[in-house]
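Colleague: Pasting in a structure now, in structure tokens, and then I'll have a few things to ask.
The values are calculated or read from the model by the stated rules, or taken from the named source; none is laboratory data. Quick caveat, the model's predicted, so the values are computed rather than measured. Virtual Cβ from ideal backbone geometry, glycine too; neighbours counted across all protein chains shown. The accessibility values were calculated without ligands, DNA or RNA, using every heavy atom of the protein model including side chains. Shrake-Rupley method; radii C 1.70, N 1.55, O 1.52, S 1.80 Å.
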Amino acid sequence: MQLRGYQKRLVDEILRRKNVCLSVGMGLGKTISVLTALDYIMYTNDYQSLRVLIVAPKRVAETVWLQEAEQWGLWKLRACMALVSGTKEKKLKMASDDYVAQIKIVSRDNIALFAGRHFDIVVIDELTSFKSWTLQRSKIMRGITANKKIGLTGTFAPNGIIDIYPQLSAIGIAGDDYYGWRGRWFEDVMRGSGQSFQKWQLRNGVSPYNVLSEFAADIITLSTDDYIGLPPVVEVPQFVNLSKEERKAYDDLVTTLHFELPDDDAFETTDNAVFAKIQTLTSGFVYDDDGNVIRLEHGGSKIRAAVDKCCECRDNGEHVLLLYHFRESAIWFHELATAALLRVCSTSAKGWLDKWNNGDIDVLVANPQSSGHGLNLQRGGHVAVWMELTYDYELFAQANARLRRPGQTEQVVAYYMISNDTCDVNILRSLARKKKDNDLVERMTKI
């Protein structure tokens, strides 16, 4: 197989830069572009002595990188690669400098094995995994040094422009003064309000262009729409009225907590459990303080609406990717869908991908956190139903992109179940704003 012209340009950019962030649309070949660059570098060094670390989400680390090297016939490079996995003792042995493989692939959950180490090249797949400055894995990543660092992402500003600094710091483009940078460009509009979360917005007179211009030269963007002729996802909000019991429970909780729901930009909460309770009530249940589920007697309005939409799609000969946020929602959906004679399968079930691709199921149930990256689901259907939305724009965009990929022959349609007059509306509005931020990054850094 031959690289496309835009992929060759990516290879050139990787080779000529010390550190680079590749913000490249889904399906454009980020992985093979990096592998080709690595193959060239290894070739010029006679496949000897260089030390390379590739960090990726667990499933991507275990499958994508090795499979791509084999698929493209990069056999000498493939012989230099090893996945760091197995027992604790085995991982420690593979992580040591004495282990023979020059290119070590590790899941982001195991990067502590390489804390404080130096490499010739470090590649971070799904760079937005390091968008939080305070996460332990982000701290470890900043401490891993390299002669060249490469960051890969499809959604560079998933929760707003404020996300860019931690990611760029992880690949050596930004420095270590995150709080100083944040204070220079942003302000916490909730300061002094007594609320348990922070909400960061650009200061008056500051535009996203001001913030991005400092780093734009080291960010390379390619848009899927510019190179692959796929139509955009058709987004269809489906507004659902809560039952009287759900409405009372929701309003009572919000009033009791005096909780102002964030609807835009970035926010940080010190009480995630409180916000989770508000979100779960839009689906008709709540977790108590011990983690037990309490379903409202007349609850589940939004879940029932999702089942109805899936039945409608089945009757039209369409297969549905059903996306959920809370485990209880998936359990409740499965109960109702089975009663409605829908053929349902989860991504945790054995052989689920073949069943989906062969049209043997009506609904594939998936959580964007575990199924949002790297999967190619375009063969099995073109309809997504979001039973619950997420504030995380990266998960949102990546999940929709599982269907909107090269080879998709139908218009992709995404239905969003939205409980009226709840935080669902805020989330939908927030995702639209975050898309604008990502589009801005794309315009400023496109090659």
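Colleague: Could you calculate the contour length gain from Leu353 to Arg203, that is, 0.36 nm times the residue separation minus the distance between their Cα atoms, to one decimal place in nm?
Modeller: Once the chain is fully extended between Leu353 and Arg203, it gains 49.3 nm.
Colleague: Using the heavy atoms of the protein chains and a 1.4 angstrom probe, tell me the accessible area per residue for region 298-401 in square angstrom.
Modeller: I get 38 Å² per residue for region 298-401.
Colleague: Sorting check: for 425-437, 49-61, which peptide has the highest mean count of neighbouring beta carbons within 10 Å, and how do the rest follow?
Modeller: Taking the mean over residues of other Cβ atoms within 10 Å, the ranking is 49-61, 425-437.
Colleague: Treat each spin label as a single point 7 Å out from the Cα along the C-beta direction, and report the Glu89 to Asn426 distance in nm.
Modeller: The modelled label-to-label distance comes out at 5.1 nm.
Colleague: Starting from the Cα of Ser96, move 7 Å in the Cα-to-Cβ direction to define the label point; list residues of region 18-50 whose amide nitrogen is under 20 Å from there.
Modeller: Those under the cut-off are 49-50.
Colleague: Express in nm, to one decimal, how much length is gained between Lys248 and Ser132 on full extension, taking 0.36 nm for each residue of separation and deducting their alpha carbon distance.
Modeller: 38.2 nm
Colleague: So which aspartates and glutamates pass the test for Lys149, namely a Cα distance under 14 Å, with those fewer than 8 places away in the same chain ruled out?
Modeller: Glu13, Asp120, Asp125, Glu126, Asp218
Colleague: Now for a separate question. Which of the listed residues, Asn400, Asn358, Ile121, is farthest toward the dipole's positive end in the chain, when Lys, Arg count +1 and Asp, Glu count -1 at the beta-carbon?
Modeller: About the Cα centre, the residue reaching furthest to the positive side is Ile121.
Colleague: Something else now. Name the residue farthest towards the positive end of the dipole of the chain from the options Trp65, Met417, Asn204, assuming +1 on Cβ of Lys and Arg, -1 on Cβ of Asp and Glu, about the Cα centre.
Modeller: Trp65
Colleague: Which of the peptides 333-343, 201-211, 384-394, 302-312 is most tightly packed, and how do the rest follow, judged by the mean count of other Cβ atoms within 10 Å per residue?
Modeller: Going by the mean number of other Cβ atoms within 10 Å, highest first, we get 384-394, 302-312, 333-343, 201-211.
Colleague: Largest first, please: the extent of the C-alpha atoms of region 1-84 along each principal axis, to the nearest Å.
Modeller: The Cα atoms of region 1-84 stretch 30, 28, 27 Å along the principal axes, largest first.
Colleague: Let me ask another. Mind putting a number on the dipole of region 114-242 about its Cα centre? Charges go on the C-beta only, +1 for Lys and Arg and -1 for Asp and Glu, and I need it in Debye to the nearest 20.
Modeller: Computed about the Cα centre, the dipole is about 540 debye.
Colleague: Continuing with the same structure: As a test of the formula, what do you get for the chain when each DSSP H run with n ≥ 4 contributes -39,500 (n - 2.57) and the sum is divided by the residue count, at 222 nm and rounded to the nearest 500 deg cm²/dmol?
Modeller: Helix contribution divided over all residues of the chain: -12000 deg cm²/dmol.
Colleague: Would you work out the relative contact order for the chain, in percent, from Cα pairs under 8 angstrom that are 6 or more residues apart?
Modeller: 17
Colleague: Considering only Cα-Cα distances, which of the following residue pairs are longer than 23 Å: Lys30/Lys131; Lys90/Lys350; Lys244/Lys277?
Modeller: Lys90/Lys350
Colleague: Extending each Cα 7 Å along its Cβ direction at Ala276 and Thr409, get the distance between those two points in nm, one decimal.
Modeller: So the label points at Ala276 and Thr409 sit 4.3 nm apart.
Colleague: Moving to a separate point now. Out of the DSSP beta bridges found with both residues in the chain, what percent are antiparallel (nearest 5)?
Modeller: 15
Colleague: Okay, next question. Relative to 2.2 N^0.38 Å, what does the C-alpha radius of gyration of region 51-121 come to as a ratio? Two decimals please.
Modeller: This ratio for region 51-121 stands at 1.04.
Colleague: Now a separate question. Using Cα positions and a limit of under 15 Å, work out the aspartates and glutamates in reach of Lys436, with same-chain residues fewer than 8 apart set aside.
Modeller: List returned: Asp163, Asp263, Asp264, Asp265, Asp392, Glu394.
Colleague: A further question on this structure: Per residue of region 205-218, in order, report the coupling 6.51 cos²θ - 1.76 cosθ + 1.60 (Karplus, θ = phi - 60°) as ³J(HN,Hα) in whole Hz, putting x for Gly and Pro.
Modeller: x, 9, 10, x, 4, 4, 5, 6, 4, 5, 10, 4, 5, 9
Colleague: Find how much the distance from Leu15 to Gln238 grows on full extension, using 0.36 nm per residue of separation minus their present alpha carbon separation; answer in nm with one decimal.
Modeller: 75.6 nm
Colleague: Another question, if that's okay. In whole Å, how far is the Cα centre of region 30-80 from that of region 332-353?
Modeller: What the calculation gives is 37 Å, centre to centre.
Colleague: Something else now. Can you spot the lysines whose alpha carbon is less than 16 Å from Lys148's alpha carbon? Ignore those fewer than 8 places along the same chain.
Modeller: Excluding near neighbours in sequence, the set is Lys18, Lys104.
Colleague: Also, I was wondering about something else. Can you tell me the Rg and Dmax of region 267-405, counting just the alpha carbons, in angstroms?
Modeller: For region 267-405, the Cα radius of gyration and maximum Cα-Cα distance read 15.2, 45 Å.
Colleague: If you don't mind, there's one more thing I want to ask. How big is the charge dipole of the chain about its Cα centre, in debye rounded to the nearest 20, if each Lys and Arg gets +1 on its Cβ and each Asp and Glu gets -1 on its Cβ?
Modeller: So the magnitude is around 1460 debye.
Colleague: What is the percent carbon and sulfur in the accessible area of the chain, measuring with a 1.4 Å probe over the protein chains and ignoring ligands?
Modeller: 48
Colleague: Here's something else I'd like to know. When only DSSP loop residues count, what trypsin sites (Lys or Arg not before Pro) in region 91-191 have their Cβ near at most 14 other Cβ atoms within 10 Å?
Modeller: Hits after loop and neighbour filter: Arg191.
Colleague: Let's test the formula: R0 of 51 Å, r as the Cβ-Cβ distance of Lys435 and Asp360. What FRET efficiency results, to the nearest 0.05?
Modeller: It comes to 0.90.
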